[in-house]
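Scroll down for the structure; my scribbles are underneath it.
The values are calculated or read from the model by the stated rules, or taken from the named source; none is laboratory data. Just so we're clear, the structure is a prediction, and the values are computed from it rather than from any experiment. Here the Cβ positions follow ideal geometry from the backbone for every residue, glycine too, while neighbour counts run over all protein chains shown. The accessibility values were calculated without ligands, DNA or RNA, using every heavy atom of the protein model including side chains. Shrake-Rupley method; radii C 1.70, N 1.55, O 1.52, S 1.80 Å.
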Amino acid sequence: MQNEHSMKFYIVIPTHNEEKYLTDTLESLTQQTLAPSKIVVVNDGSTDGTQAIIDTFKSRYSFISSVETQSKKEHAPGSKVINAFQKGYDSLDQHYDIICKFDADLIFPPDYLEQISNIFQQKKDCGMAGGFCHIERNGEWKLEN
């Protein structure tokens with residue numbers, strides 16, 4: 001349940017060829033008990049149906065936008081994701097309480113953002129918060145290390 005003390009979430013999702021997972025990720029974020037204020041999906045040179053999924057969600061939800069980029073073929077680990085995140089971040093204003101970088105292959109429980117908001121409200125010195133990740137292996141959900 002949103003209340004007058006709810007925090008304003010902006011979410012950046014770097015993507016590259018995520019058509020297999022992106023619909024589930026975006027569905028889980030649009031169904032949050034504490035709705036995000038903005039989601040920007042950064043399409044980093046996808047050659048699959050990623051952009052079509054982004055366009056569908058953009059047409060259904062006014063708080064979803066997208067940016068297209070083409071990362072250089074850099075060898076530094078994680079640099080593509082960092083650069084894609086920065087492109088998305090640069091497209092946003094600064095009127096948020098919490099900025100999130102989420103992977104495009106995650107499914108969030110419906111109260112995920114609400115729980116994160118509660119952590120920041122209860123622990124004023126908190127700088128970063130998150131949850132545990134479970135991964136499906138052989139039909140079973142296992143806690144990821």
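Brief remarks on what is shown
- Taking the conditions (1) closer than 29 Å to Glu136 by Cα; (2) part of a loop (DSSP other than H, G, I, E, B); (3) open to solvent by 30 Å² or more (accessible area, probe 1.4 Å); (4) modelled with pLDDT under 95 in turn, Asn118 satisfies each one other than (2).
- Region 131-145, residues that are part of a loop (DSSP other than H, G, I, E, B) and either out of contact with any strand residue (DSSP E or B) (no Cβ under 9 Å at 6 or more places or on another chain) or of a type in the set (A, V, I, L, M, F, W, C) (or both): Gly131, Phe132, Cys133, Asn138, Gly139, Asn145
- Close contacts from region 16-30, counting a first residue that is within 16 Å of Lys101 (Cα to Cα) and open to solvent by 20 Å² or more (accessible area, probe 1.4 Å) and a second that is modelled with pLDDT under 95 and assigned to a helix (DSSP H, G or I), with Cβ to Cβ under 8 Å and a gap of 6+ residues or different chains, come to His16/Lys80; His16/Ala84.
- Residue among Lys38, Lys80, Lys101, Lys20 that alone is farther than 27 Å from Glu144 by Cα and either out of contact with any strand residue (DSSP E or B) (no Cβ under 6 Å at 6 or more places or on another chain) or not small (Gly, Ala, Ser) (or both): Lys38
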